[in-house]
1. Looking for whichever is assigned to a strand (DSSP E or B) and open to solvent by 10 Å² or more (accessible area, probe 1.4 Å) here; the options are L167, L149. Which one fits?
2. So, in region 177-223, of the ones that are of a type in the set (D, E) and assigned to a strand (DSSP E or B), which residue ends up farthest from D124 (Cα to Cα)?
3. Pick from region 273-294 the residues that are open to solvent by less than 30 Å² (accessible area, probe 1.4 Å), of a type in the set (A, V, I, L, M) and modelled with pLDDT of 85 or more: which of them is farthest from H310 (Cα to Cα)?
4. A67 - would you say it is outside any strand (DSSP E or B), modelled with pLDDT of 90 or more and open to solvent by less than 60 Å² (accessible area, probe 1.4 Å)?
5. Looking only at region 26-38, filter to residues that are open to solvent by less than 50 Å² (accessible area, probe 1.4 Å) and modelled with pLDDT of 90 or more; which one of those is nearest to L62 (Cα to Cα)?
6. For a quick check of your reading: which strands (runs of 3 or more DSSP E) sit entirely within region 275-354 and have at least 1 residues that are among the aromatic types (F, W, Y) and touching a residue at least 60 places away in the same chain (Cβ under 8 Å)?
7. If I ask for residues that are touching a Leu at 6+ places or on another chain (Cβ under 9 Å) and either of a type outside the set (V, I, T) or modelled with pLDDT under 70 (or both), which ones from region 91-132 would you list?
8. Go through region 7-20 and report how many residues are outside any loop (DSSP other than H, G, I, E, B) and either over 14 Å from R39 (Cα atoms) or open to solvent by 10 Å² or more (accessible area, probe 1.4 Å) (or both).
Amino acid sequence: MRSIGELARVSGLTVSALRFYDRSGVLTPALVDPVTGYRWYTDEQVAPARLVAGLRRVGMPLAGIAAALRHRHEPAVLGALLDEHQRRLEDGLADARRELSRIRTLIDPGERPMTTRLVLSRTDLAAAVDAVRFAVGADPELPVLAGVLFDVEPDGVRLVATDRHRLATARAGARVDGPAVRALLPVAAVDELRALLDTGDGAEAYLTVGPAEVVTSVAGRVVRAVGLPYDFPDHRRLLREALSDAPTHRVPVDVLTLRAALTTGEVLLREYAGSRHEVAVLGLDAAGLRVLAADEPPAAGVVRVGVNRHYLLDALDAGDRGQLVLELDGPIAPLAVRRPDDGDAFSVLMPIRL
């Protein structure tokens with residue numbers, strides 16, 4: 001048996017950290033003296049303690065550390081947990097760089113804001129705009145949502161739009177020259193940019209993206225768009241909170257068949273967000289996905305999900321594919337609509353409680 005001090009020395013954890021992980025149920029001692037309360041550990045707990053110490057040093061959340069310990073003998077699962085955490089760290093670093101750049105311009109307004117130049121396929125950018133345009137907000141009290149976020153990444157640009165009830169994201173690969181930067185374009189400017197992309201058959205599109213302006217050039221024609229002066233919501237955090245890594249149900253659907261069923265099927269009328277909406281009821285069982293009749297009672301073995309009919313129709317149209325994949329986690333979890341051949345373009349719809 002090893003004392004808590006001995007385990008601290010060989011593992012790299014402090015005594016206070018070992019006490020914390022004991023209270024949290026993550027790394028409990030093999031024996032606790034009933035009189036003194038002193039903790040004792042076995043030699044077999046040294047390796048788990050060292051794993052905890054390493055994960056703690058790279059900022060892994062407590063829940064992630066607990067999951068890593070549970071799966072420490074499953075390399076594939078543990079690797080996936082580490083990859084997910086690395087993506088969170090990289091996203092956080094990119095966000096920090098953007099925020100620091102914004103702060104520098106606030107400190108010194110005369111400082112030239114950073115800009116980045118992208119060269120990308122005109123058709124790819126047009127497809128990305130089409131995939132997110134429907135989700136732009138129209139509430140005048142939420143002007144921050146009345147546009148599309150252009151979020152430049154090391155090898156492309158991600159477009160994001162949301163109106164709180166749905167969120168759409170798509171990505172276009174690009175040759176990128178410059179740092180990570182983002183701009184929030186008003187919807188009118190996005191529509192003007194989209195019209196420009198229909199010109200110049202086969203031509204590449206050139207984007208110069210800065211925090212305050214985006215300049216788009218196609219076949220010698222130029223559109224300048226002034227960005228909105230708002231901080232767009234953290235879409236990465238929203239997606240992490242809305243979607244699980246392994247949805248309970250992934251259902252391939254034929255777009256035309258589902259669209260026809262939604263268009264002709266019965267709906268429920270529900271009041272939410274200050275308006276009346278048509279709610280379609282989706283049912284999933286062993287036979288597949290179908291649109292249920294509005295008055296069909298719940299049945300055993302059938303997962304029922306309520307969704308705004310028009311929102312789902314918009315998402316199907318934006319998918320622009322004969323086949324799409326619906327991801328469902330139950331009646332109160334968000335529903336995701338994905339392209340089966342493109343994991344970077346998808347929509348998230350908030351469910352409506354039935």
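1. Going through L167, L149 in turn, just one is assigned to a strand (DSSP E or B) and open to solvent by 10 Å² or more (accessible area, probe 1.4 Å): L167.
2. Among those that are of a type in the set (D, E) and assigned to a strand (DSSP E or B), it is E213.
3. Across region 273-294, the extreme among qualifying residues is L284.
4. yes
5. By that ranking, first place goes to V26.
6. Filter on region 275-354 gives 342-349.
7. Hits for region 91-132 are R117, L118, L120, R122, L125, A126, A128, A131.
8. 8
The values are calculated or read from the model by the stated rules, or taken from the named source; none is laboratory data. Remember, it's a predicted structure, so these values are computed and weren't measured experimentally. Note that each Cβ is placed from the backbone with ideal geometry, even for glycine, and that neighbours are counted across all protein chains shown. Ligands, DNA and RNA are excluded from the accessible area calculation, which covers all protein heavy atoms including side chains. Shrake-Rupley method; radii C 1.70, N 1.55, O 1.52, S 1.80 Å.
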